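The values are calculated or read from the model by the stated rules, or taken from the named source; none is laboratory data. Worth saying up front: this structure is predicted, and the values here are computed from it rather than measured. Just the protein is used for accessible areas: all its heavy atoms, side chains included, with ligands, DNA and RNA removed. Shrake-Rupley method; radii C 1.70, N 1.55, O 1.52, S 1.80 Å.
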Amino acid sequence: MAEAAAPMDAAEAPAVPLFDAGRRRYILVLLLIAYTLSYLDRQVLSILVEPVEHELHIQDGQMGLLTGPIFVIFYTFLGIPIARVADAKSRPLVIAASLTIWSAFTALSGRATGFLPLALARLGVGFGEAGCNPSAHSLIADISTPRQRASGLAFYSLGIPFGTMLGSALGGLMADAFGWRAAFLAAGLPGLILAVVIGLTVKEPRLKPAAGAPNLAGALAELVVVIRELSHKPTFWLVATAAGFLSFVGYGHLFFIQSFFLRNHGPELTHLASGFGLKAKGFLGVATGLMIGAGGLVGTLLGGRIADRATVRDRRAQMTVPAIGAVLAIPVLFLIFTLKNPMIAIGLIFVTNVVGSLWYGPFYSIAQSVATPRHRATAAALLLLILNLIGLGLGPTFVGAVSEFLSTHQHLGPAEGLRWSMIITSFVSLIGVALLIVARRTVRADVLS
């Protein structure tokens, strides 16, 4: 049975005017493009792992660090103070500034001459991207009714499959045609243009911005307030941690999936690519990008629809459906990493991305629905901090470190070492499933709106 929304104190009601459908769609589309570019800028590195490792003499473990802890340092911890700014000031301007920073550092990644310069560039990308999600989540929540919120956030989350698809395809084709350095430049430039469009055409919808200049001390104080508020909401912590472990698998596999195919199916891919007039890397980037993008598109939209229906029926479905999807993904992942036919294995990537993307809308919606309106950006930043520390910070690093260990110390070689690292990582999602089973018991009582 659906739970009635708890009455909201007038002081907590969002000071946001009603939004017409056309204006809301315009903002959603721009935010989707921004999120797409953020994932494009991240994902382009994954298709470039092999040439970057070869030219800059970098190992799998170091590559895992680049997209894991090095990226995450700024991306996660700066999300909280930036969310404080977003809660008090103009969220569109925060997003525009963020876009400018991460796009510029993506382009600069193509100028790297070794591990340290590339690491510094990826730090800059993480610094810029830290301001996008909390601001966007809060903005979407404010311009949406409670019944539109999950689908609005799911629509925004389509940036993950779209950006992944474009990053893989663009990176592979550009690298084959012009080299890996040009691929970084091509990935970074569109964001600079979009930053201008958002800054000039999207206005902050709050009727009255907060007074005072946000600072680090204020951000930390606000964080303490939000943590205290959410301390009585076990669903938030269960969902955030579950999202982290599901992302651990997703990010770990996403970053190394093209390297897996190039190492284990290189000759077959070269032969297949020649039929399309392409090289192996470009063909693989397009093929895997399409499967990841299409699967993520279907899964994200389906998850958003489920979450919206659960809002008026039974919110426990927001926990159950992602848990079932995570369990179903494990045997499919085992097939991907053990089948001898690379085309069938690439096709199965579609399936894993459908079931692996079901949680975006439900989880982000829960985070916004258990927090009071004035704390939504900070709650989103806190969710993303937990999610990314576990998933993005540890997933690729774990896959890279285990691959390197199996390759060298267990003498499996780079191809088999990476294969078994990916298989082992698949089972980590069961931790997230266990947490979601517990969250089913608390979700209906914890939701405010």
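Key figures
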quantity	calculated
For the stretch 154-288, accessible area per residue (1.4 Å probe, heavy atoms of protein chains only), Å²	41
Unit Cα scatterers, Debye sum, the stretch 279-349: log10 I(q)/I(0) for q = 0.20 Å⁻¹	-0.89
Solvent exposure, largest accessible area first (probe 1.4 Å, DNA, RNA and ligands not counted), of Glu268, Glu129	Glu268, Glu129
Linear extension gain, Leu335 paired with Leu192, 0.36 nm per residue minus alpha-carbon span	47.4 nm
Cα-based reach from Lys203 at 20 Å (exclusive), listing lysines while leaving out same-chain residues under 8 positions away	Lys89
Accessible area in the full protein assembly, largest first, 1.4 Å probe, for Met319, Met343	Met343, Met319
With eigenvalues of the C-alpha gyration tensor scaled by 5 and rooted, the stretch 218-362, Å	37, 17, 13
Largest to smallest accessible area among Leu384, Leu220, Leu272 [probe 1.4 Å]	Leu220, Leu272, Leu384
Whole-number accessible area per residue in Å² for the stretch 295-431, which is evaluated in the context of all protein chains at 1.4 Å	35
Helix-only CD estimate at 222 nm, as mean residue ellipticity for the chain, using -39500 (n - 2.57) per DSSP H run (n ≥ 4)	-26500 deg cm²/dmol
Whole-number D in µm²/s for the chain (Stokes-Einstein; Kirkwood sum over Cα pairs; 20 °C, 1.002 mPa s)	98
Surface share of carbon and sulfur [accessible, 1.4 angstrom probe, percent] for the chain	71
Spherically averaged projected area in nm², based on the convex hull that wraps the Cα atoms of the stretch 372-440	5.8
